[in-house]
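The values are calculated or read from the model by the stated rules, or taken from the named source; none is laboratory data. Values in this document were obtained by computation on a predicted structure and should not be read as measured data. Every residue, glycine among them, receives a Cβ derived from its backbone with ideal geometry; neighbour counts consider all protein chains shown.
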Amino acid sequence: MKRLIQLGLTTAALALMATSASAAVNLDGSAPGFTTAPFATGESLVVGFGGPNAAGYTFTTDPTPYIYHVADGLHTGIAAPPFGDDSSSYMAIQTDQSITLNTPYLKTLSLFIGSLDPTNKITFNGSGGFTQSFLGSDLFNPAQGNQSNDDNNRRFYFSFDPTDQVNQIVFSSGENSFEFDSIAAGAVPEPGTWAMLLLGFGGIGLMLRNGRRRSFARVTA
């Protein structure tokens, strides 16, 4: 049993070492549509702006000034409901504004962005000093702030190297506006959860080994 647990821990450590060389946030693509674009596998809604956030997802400042209501329609020069957004509320960041969302360690994240502009910016920060940013022009080409079709109104999908320990997202913009909604995420299991998984795998291995020994003993008896 001890040897199996050690093997599991060694395997996990080697996996982390293998991924650390290419540590980065990956943009895995995008899909048009608000309600028709699915979350990534294993994700659940964590921030929707029409209700409370999921546990562990908190803004560092009051998000209220940045939240607009879909039913209010267009705020000329300020904010426009993301095309196809049928939720109650969304967030809009104005020129040189920013807001920060603290999260658990992230495995994946997706969000719906409306009328994507070139200077809309998402920055992912990790607890160990890691940081990586994406501009609207990095996310989709062309990013031209179109408010009336699926080209610039899409769900974007990101995945994270666990060694980066990404646990903070900063939303900012160099122009009006950065509208987004429906943030979904998959979190990295807590260290205690990893330990339980490794113990479970070790236990399964021991059961299989003992089962093989009993079968062998019956055959040779």
If the Cβ limit is 6 Å and pairs must be 6+ apart or interchain, which residue in the stretch 41-59 that is on the phi > 0 side of the Ramachandran plot pairs with which residue that is of a type outside the set (Phe, Trp, Tyr) and surrounded by 13 or more Cβ atoms within 10 Å (Cβ to Cβ)? 42/186; 49/67; 49/89; 49/91; 56/104
Selection within the stretch 107-137 - among the basic types (Lys, Arg) and in contact with a Leu (Cβ under 6 Å, 6 or more places away or on another chain): 121
Do any strands (runs of 3 or more DSSP E) entirely within the stretch 115-196 hold 3 or more residues that are modelled with pLDDT of 95 or more, of a type outside the set (Gly, Ala, Ser) and within 27 Å of residue 78 (Cβ to Cβ), and if so, which? 120-126, 154-160, 166-173, 178-187
Residue among 38, 65 that is out of contact with any Asp or Glu (no Cβ under 8 Å at 6 or more places or on another chain) and in a loop (DSSP other than H, G, I, E, B): 38
Taking the stretch 41-62 as the region of interest, how many residues are within 24 Å of residue 188 (Cβ to Cβ), in a loop (DSSP other than H, G, I, E, B) and under 17 Å from the mean Cα position of the chain (by Cα)? 9
Quick one: what pairs do we get from the stretch 98-117, first residue assigned by TED's automatic domain parsing to the domain that holds residue 158, second of a type in the set (Lys, Arg), C-beta under 6 Å, 6+ apart or different chains? 110/155; 112/155
Specify the residue that is surrounded by the fewest Cβ atoms within 10 Å (Cβ to Cβ); the eligible residues are those in the stretch 68-95 that are touching a residue at least 24 places away in the same chain (Cβ under 8 Å) and assigned to a strand (DSSP E or B). 89
